[in-house]
Amino acid sequence: DLRGHGLSDKPRDAYADSRLWADDINAVVKTLRLDHPILCSWSYGLVPLDYIRHYGDEDIGGLHLVSALTKLGSADAMSVLTPETLTATPGLFATEAEESVRNLRDFIRMLFARQPSVEDSYLMLGYNVFVPPYVRQALLSRVIDNDDLLPKIRKPVLITHGADDAVVKPSVVDRHKAHMAHAQIHIMADTGHAPFWDDPVAFNRRLRAFAESL
């Protein structure tokens, strides 16, 4: 689990430092003795880029960005978020329990082109509630721009995005492609911000092909 999520520790003030995120990934790679893993990041695309910034891409096999943001904390960064996302974001920081749950529930619905079952929806709500509001706010309060880093990535890159993403505009793909000319692009029709959920067969098929090509 990412720091602040799941069973990982949830410190109050340990999210702004890019090096901390990089060290987290490096610890997993080294401890598990992973052989050139693919770093795959959904939505919050900053973390694998934190790793690459501090450790380079020599020890990874490739990078997979899924509906991903690669910078935060500026008007340019926010311009790739949909108006609905910008409206909903402040509500994710609510500390009153009932309000927090209600806002999270509404935001989770925005992630999908095909709504999950009631059982899956409550499961998702549960593990999102487990992330404290101060962690959500800290993650989205980072000020970081990776436009300088993206052109330096030499390992293979796959960019996957849902054509009907209601959270991050699909136009972000063009921005990323401009910085990483060698990146492979997979725009998935009839899928939203979580294309791996809306169409897992197509998502897994393309990711497998990417992995086997390395």
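The values are calculated or read from the model by the stated rules, or taken from the named source; none is laboratory data. This structure is a prediction, so every number in the text was calculated from the model and none was measured. Here the Cβ is made from the backbone with ideal geometry for all residues, glycine too, and neighbour counts use every protein chain on show. Keep in mind that these areas ignore ligands, DNA and RNA; they rest on the heavy atoms of the full protein, side chains included. Shrake-Rupley method; radii C 1.70, N 1.55, O 1.52, S 1.80 Å.
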Which listed residue, of D76, D148, is in a loop (DSSP other than H, G, I, E, B) and either touching a residue at least 60 places away in the same chain (Cβ under 8 Å) or surrounded by fewer than 19 Cβ atoms within 10 Å (Cβ to Cβ) (or both):
D148
Scanning for something under 18 Å from V135 (Cα atoms), out of contact with any strand residue (DSSP E or B) (no Cβ under 9 Å at 6 or more places or on another chain), modelled with pLDDT under 95 and not β-branched (V, I, T), does the range 12-21 turn up at least one residue?
yes
Taking the range 48-70 and keeping only residues that are open to solvent by less than 20 Å² (accessible area, probe 1.4 Å), farther than 25 Å from S100 by Cα and either modelled with pLDDT under 95 or not hydroxyl-bearing (S, T, Y) (or both), one is left with P48, L49, D50, I52, I60, G61, G62, L63, H64, L65, V66
Scanning the range 172-204 residue by residue, those touching a Phe, Trp or Tyr at 6+ places or on another chain (Cβ under 8 Å), open to solvent by 10 Å² or more (accessible area, probe 1.4 Å) and over 29 Å from R154 (Cβ atoms) turn out to be W197, D198
Take Y122 and tell me if it is without any contact (Cβ under 8 Å) to a residue 12 or more places away in the chain and open to solvent by 70 Å² or more (accessible area, probe 1.4 Å).
yes
Of the numbered conditions (1) surrounded by fewer than 17 Cβ atoms within 10 Å (Cβ to Cβ); (2) at negative phi; (3) touching a residue at least 24 places away in the same chain (Cβ under 8 Å), I159 fails exactly one; give the number of that condition.
(1)
Could you list all residues from the range 27-41 that are under 19 Å from the mean Cα position of the chain (by Cα), surrounded by fewer than 16 Cβ atoms within 10 Å (Cβ to Cβ) and not in a loop (DSSP other than H, G, I, E, B)?
V28
Keeping to the range 94-119, report how many residues are among the hydrophobic types (A, V, I, L, M, F, W, C) and either without any contact (Cβ under 8 Å) to a residue 12 or more places away in the chain or surrounded by fewer than 16 Cβ atoms within 10 Å (Cβ to Cβ) (or both).
3
Could you go through the range 120-127 and let me know if any residue there is among the hydrophobic types (A, V, I, L, M, F, W, C), at pLDDT 95 or above and not in a helix (DSSP H, G or I).
no
